[in-house]
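Down below is the structure, laid out as structure tokens.
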Amino acid sequence: MGRYFIPGEEDRGPGAHPVAVLGHGFWEERLGGDPSVVGRTMLLNGHPFQVVGVAPEAFDGPVTFASIPVYVPLMMQMEINPGFNLIESRGNNMMNVVARLRDGTTLEQAQERMDAGIHPMFRSAQVGMSSVMLAVVSLLLLIACVNVANLFLARACERRRVP
């Protein structure tokens, strides 16, 4: 019902287009499935957003394990999450983006590009896990070196004893 975001229009500049698409579950549960909600203004974090549409019931969005209540253009993130600039924050691995395929690009080509590297969402977790693994391996190497040194010391002490 209504429309989605207009590509190239509602993502031009930060804070420029305060529009929202409601999640289907949110629309039914919180707004009673009222079809006249499209075109109305609703406050999100104290900022007015014009509701331009309602997502279809089957639409999962970028997160398949949770029901997203409201979708806003990426350029409106400072109004939704004030104090944290998601767009300019380097090293940010918490952003999910839904995108369209460029004309002439197949789904297989896009999947190959996605599979080529570590997904940014998991990069920080992988770096953390790699650091833990490095610490464990280093500790085991240190223990092994101490054990070998003790063996050499015990052997040297045994050879020093005079009968």
Mind ordering 49-58, 32-41 by average Cβ neighbours within 10 Å, highest first? 49-58, 32-41
Only Cα pairs within less than 10 Å get springs; with that Gaussian network setup on the chain, which residue of LEU74, LEU101, LEU22 has the largest fluctuation? LEU101
Take each complete run of DSSP H in the chain, measure how far its Cα atoms stretch along the helix's own axis, and keep only those covering 15 Å or more with mean Kyte-Doolittle hydropathy at least -0.5; list them. 120-160
Describe numerically, in nm with one decimal, the distance between label points set 7 Å from Cα along Cα→Cβ at SER36 and at LEU151. 8.5 nm
Where Lys and Arg each count +1 and Asp and Glu each count -1, what net charge lies around LEU74 among other residues with Cβ under 15 Å from its Cβ? -3
Percent carbon-and-sulfur accessible area, the chain, ignoring ligands, DNA and RNA, probe 1.4 Å: 60 percent
So what is log10(I(q)/I(0)) for the chain at q = 0.10, 0.17, 0.19 1/Å, when the Debye sum runs over its Cα atoms only? -0.57, -1.16, -1.31
Residue-normalised accessible area of the chain, expressed per residue, 1.4 Å probe, Å²: 77 Å²
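The values are calculated or read from the model by the stated rules, or taken from the named source; none is laboratory data. All of these numbers come straight from a predicted model, not from anything done at the bench. Cβ: placed from backbone, ideal geometry, glycine included. Neighbour counts: every protein chain shown. Please note that ligands, DNA and RNA were not included when accessible areas were found on the heavy atoms of the full protein model with its side chains. Shrake-Rupley method; radii C 1.70, N 1.55, O 1.52, S 1.80 Å.
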